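This report concerns only the one structure given below.
The values are calculated or read from the model by the stated rules, or taken from the named source; none is laboratory data. Keep in mind the model is a prediction, meaning the values are calculated, not measured. Please note: Cβ atoms are built from the backbone with ideal geometry, for glycine as well, and neighbour counts cover all protein chains shown. Side chains are part of the model used for accessible areas, which takes the heavy atoms of the whole protein and leaves out ligands, DNA and RNA. Shrake-Rupley method; radii C 1.70, N 1.55, O 1.52, S 1.80 Å.
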Amino acid sequence: HYDFDGIALGTDTGVAASALLTAFADKALTGAPDSLALARAALTAALGEAAMIDAAAVIAGFDGITRIADATGIPLEPPKAE
């Protein structure tokens, strides 16, 4: 059982190393290179290199999809804008 509310609330989600995954995603999208390196190292130490690479691929995918939508002028749906 996974608790997706935990993502927004910062509580346990039921996902292994969820706090490290969240920190890695936050740093990958907004952090300075040094803080990203620390988050990457912590995630790798906890879950292994393959899991860190999988997480990085998911982050890159979501970031890329957003950039493509923005570049092509796809409008944001009103409920999401709220």
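Dividing the mean sequence gap of close Cα pairs (under 8 Å, 6+ apart) by how many residues region 6-60 holds gives a relative contact order of 31 percent. Solvent-accessible surface (1.4 Å probe) assigned to Glu77 amounts to roughly 90 Å². Heavy-atom accessible area for Asp26, with the other protein chains in place and a 1.4 Å probe, reaches approximately 90 Å². Figure note: Phe24, Phe4 ranked by solvent-accessible area, largest first, 1.4 Å probe, ligands and nucleic acids not counted: Phe4, Phe24. Ligands, DNA and RNA are left out, and with a 1.4 angstrom probe the accessible area of the chain is 74 Å² per residue. Please give, to one decimal in nm, the separation of the simple spin-label points placed at Phe62 and Ala41, each 7 Å out from Cα toward the Cβ. About 2.5 nm, to one decimal.
Where does the chain land at 222 nm, in deg cm²/dmol rounded to the nearest 500, when only DSSP H runs of n ≥ 4 count, each adding -39500 (n - 2.57), divided by all residues?
Roughly -23000 deg cm²/dmol at 222 nm, from the helical runs in the chain.
Around the Cα centre of the chain, unit charges on the Cβ atoms of Lys, Arg, Asp and Glu (plus for the first two, minus for the last two) sum to a dipole of about 220 debye.
Once the mean of 1/r is taken over each pair of separate Cα atoms and inverted, the chain shows a Kirkwood hydrodynamic radius of 14.2 Å.
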